[in-house]
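Peer 1: To start, I am sharing the structure in question, which I have written as structure tokens.
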Amino acid sequence: MQPTRVTVLSGVALAGALLLAPTGAANAAMANRSPTVNKPPSPAYDDACWGDGSVAAQQSTACRDAALAAINNAHAAEGVRPIRLPRNYWSLSVDKQLFVITDLERTSRGLRPLQGLTRQLDSWAATGARHNTDPTAIGWRLSSGAQIRSWASNWAADYNSLTADYSWMYLDGWGGSRATTSNLDCTSPRAQGCWGHRDNILAQFSGSRSVIGGTGHVMRGWDGYFNSYSELLLQYSGHRPAFDYTWSDATTAGAR
């Protein structure tokens, strides 16, 4: 029997008032309406990704290919162009993979990408992954001196970076019962917590160009089988922080 994958609603905050809310990223309009129902992955990838219960199965070509095909089929159903991973996607660190797939979900819908990953935000995200919870921004200034304007974060337990994205984007609503709903804050068909992860990924952050990311993961971090994945999306004003990976790096390698 397979263990249960879970997603937990994101933490959300805006400068001056910290809150946890079952809506999208703070002070942001959504670029797309949330789906009315979950979209089971097609092709289904659970069997390929579960395999013999090993990390190798989670990272197998069959699992990866099925997950990417499921994402692009979900895009087609929404009238969104397909994504193309950078040529080196599976050679990137897991943390960079999470950043890339999040930006691909954004840019394929006409939203500005996150500029890049910073070590500071990666550290905050890693703390969330270690504790199987939504990461949080610490304080209201970055190490560069920039002011934090707003932030949002996601956490999930899943097979790999693409299946985590699929859960956040296309399986974030009511599943018919509490037992079949992976988003723990989606407690009924109309609960405020439904589609919170998707809302965060697709947040416009008031149109700001100054939005950056941090990501983290722990292999086998949940139930001794699923991996723990976390991401932090943050809007800032002021001096731009140093990046250790950028969206430009991804597009140079063919991301689209």
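Peer 1: Give the separation of the Cα centroids, the stretch 210-229 to the stretch 72-114, in Å.
Peer 2: 17
Peer 1: So between residue 253 and residue 140, what do we pick up on full extension, going 0.36 nm a residue minus the alpha carbon distance?
Peer 2: 37.3 nm
Peer 1: According to the square roots a ≥ b ≥ c of the eigenvalues of the Cα gyration tensor, what is the shape class of the stretch 31-105, taking rounded for a/c under 1.5, prolate for a/b larger than b/c otherwise, and oblate for the remainder?
Peer 2: oblate
Peer 1: Continuing with this model, one more query. Each label point is 7 Å from the Cα along the Cα-to-Cβ direction; what then is the distance between the points at residue 177 and residue 244, in nm?
Peer 2: 4.4
Peer 1: Turning to a different aspect of this structure: Would you work out if the stretch 160-206 is rounded, prolate or oblate? Take a ≥ b ≥ c from the square roots of the eigenvalues of the alpha-carbon gyration tensor; rounded if a/c is under 1.5, else prolate when a/b is larger than b/c, oblate otherwise.
Peer 2: Here the stretch 160-206 falls in the oblate category.
Peer 1: With r as the distance between the Cβ atoms of residue 76 and residue 184 and R0 = 45 Å, compute the FRET efficiency 1/(1 + (r/R0)^6) and round to 0.05.
Peer 2: Once rounded, the FRET efficiency stands at 0.95.
Peer 1: Given only helices, namely DSSP H runs of n ≥ 4 each adding -39500 (n - 2.57), what is the per-residue ellipticity at 222 nm of the chain, to the nearest 500 deg cm²/dmol?
Peer 2: -8500 deg cm²/dmol
Peer 1: Moving to a separate point now. I need the per residue convex hull volume for the chain, using only the alpha carbons, in cubic angstrom as a whole number.
Peer 2: Cα-based convex hull of the chain, divided per residue, equals 109 Å³.
Peer 1: Give the relative contact order (percent, whole number) for the chain; include only Cα pairs under 8 Å separated by 6+ residues.
Peer 2: 32
Here, each number is a calculation from the coordinates, and none is a lab measurement. In this text the structure is predicted, and so the values were computed from the model without any measurement. Neighbour counts run over all protein chains shown; Cβ positions are idealised from the backbone, glycine included.
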